[in-house]
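*Asks:* Got a structure for you, questions after.
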Amino acid sequence: MADFRIDDMARRLFETVPPALRGMQQDLESNFRAVLRSNLARLDLVARDEFDAQAKVLERTRAQLEALERRLAELEARHSSGPGI
């Protein structure tokens with residue numbers, strides 16, 4: 001999917017090239033693709049599906065943390081209200 005978007009961006013960039021230079025279409029598009037891939041790789045991006053999966057993991061972790069915090073509060077309340085040792 002990312003390659004499709006890169007190809008689409010390369011084509012759009014090529015369309016902005018003056019007509020006199022369009023004879024070198026294949027070379028220009030190839031160079032545009034290479035530059036786009038190189039620059040996008042440096043951005044350290046993640047795929048949407050990986051991001052969504054990590055968001056679900058975070059959501060479950062947050063729910064577990066909230067449950068543990070409630071349980072701890074209950075135990076602390078019982079401990080502080082119980083008979084002294």
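*Asks:* Give me the net charge of residue 69's neighbourhood, meaning all other residues with Cβ under 13 Å from the Cβ of residue 69; Lys, Arg count +1, Asp, Glu -1.
*Replies:* The answer is 0.
*Asks:* Which whole-Hz couplings ³J(HN,Hα) result when phi for each residue of segment 14-19 is put into the Karplus expression 6.51 cos²θ - 1.76 cosθ + 1.60, θ = phi - 60°, listed in order with x for Gly and Pro?
*Replies:* My calculation for segment 14-19 gives 4, 5, 8, 6, x, x Hz in order.
*Asks:* Any chance you could run the full-extension gain for residue 5 through residue 57? It's 0.36 nm times the residue separation minus the Cα-Cα distance, nm to one decimal.
*Replies:* Roughly 16.0 nm would be gained on extension.
*Asks:* Taking the structure as given and computing log10 I(q)/I(0) by the Debye sum over Cα atoms at q = 0.16, 0.18 Å⁻¹, which label from [x] -0.60, -0.72; [y] -0.69, -0.77; [z] -0.78, -0.86 fits?
*Replies:* The listed entry that was calculated here is [z].
Coordinate-derived values only; no laboratory data. Predicted model, so just to flag it, every value in this text is computed and none were measured. FYI the Cβ positions are ideal-geometry reconstructions off the backbone, even for glycines, and counts take in every protein chain you see.
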